[in-house]
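Scroll down for the structure; my scribbles are underneath it.
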């Protein structure tokens, strides 16, 4: 494995599943210890929730975000014990950006987990004050999606925006229920292969998160950061973060800004990366990678077998 042509990827909400990380925790003491550390910080049994469920509780934003951060961090720690060199880059999808920053040494595990816990709490509260949702659209060009969001806003007088550019032909939009419903209606009328609301009760990466974003920005300013050991490609700019000032700015606006995932992957490809290792559950980012560049190699690490194969490369 040529680590200087490799990037680590960390998934965000939607990748969680009951049983996540259990096999790794059974096989690697560092994974088990990471979950025990998280239990102490959070004040509840996150390990039991991830390993056994129930799914309804795991899928609540307040639990999902810490679960995914800890799962990715634990998988990284197990791999890191066997690394012979640093990767070229890391990137994380939305919530996963915090895990990427932990992996790069920009955040301690405790500070990262407390930030994620606060982010989840603020997003939940914002969702109660400004109810909204998200929807996935398949088969439309990005400019067409931006236009239908503008049209839906004009018709309803409410907010709906592009939230995630995941890969060519797959985007997520976010906003108030009325505007989102109108945007989904327009998408179906304008040739979308699929347009469906997702089981997310918060209009993440939209202006409806403004209040949460402002409060979270103050928490970010009070959190200790370090220059990352390797660059983390930012969701907001799709450019590498290499110093503390840049990553503080990124995290302060990330919650209200679109996730430019397609461009983030393209940035790493252009810099010479040809292998991407997804650390965490679901394999979602590996699937998106193939839609962005068929020639890029994607490896998911969810089980001991996955990790053993990677270490042997």
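Some notes on this structure:
- Residue match in the range 193-208 (condition: surrounded by 19 or more Cβ atoms within 10 Å (Cβ to Cβ), outside any loop (DSSP other than H, G, I, E, B) and under 17 Å from the mean Cα position of the chain (by Cα)): no
- Residue within the range 95-103 that is surrounded by fewer than 22 Cβ atoms within 10 Å (Cβ to Cβ), in the same structural domain as residue 240 (by TED's automatic domain parsing) and in a helix (DSSP H, G or I) present: no
- Residue within the range 159-178 that is closer than 22 Å to residue 233 by Cα, part of a helix (DSSP H, G or I) and not assigned by TED's automatic domain parsing to the domain that holds residue 287 present: no
- Residue match in the range 230-237 (condition: without any contact (Cβ under 8 Å) to a residue 60 or more places away in the chain, out of contact with any strand residue (DSSP E or B) (no Cβ under 9 Å at 6 or more places or on another chain), closer than 30 Å to residue 159 by Cβ and not in a loop (DSSP other than H, G, I, E, B)): no
- Every condition in (1) buried (at least 24 other Cβ atoms within 10 Å of the Cβ); (2) modelled with pLDDT under 95; (3) part of a helix (DSSP H, G or I) holds for residue 134 except the one numbered (3).
- Matching helices (runs of 4 or more DSSP H) fully within the range 5-67 where at least 1 residues are at pLDDT below 95: 55-58
The values are calculated or read from the model by the stated rules, or taken from the named source; none is laboratory data. Quantities reported herein were computed from a predicted structural model and do not represent experimental measurements. Neighbour counts run over all protein chains shown; Cβ positions are idealised from the backbone, glycine included.
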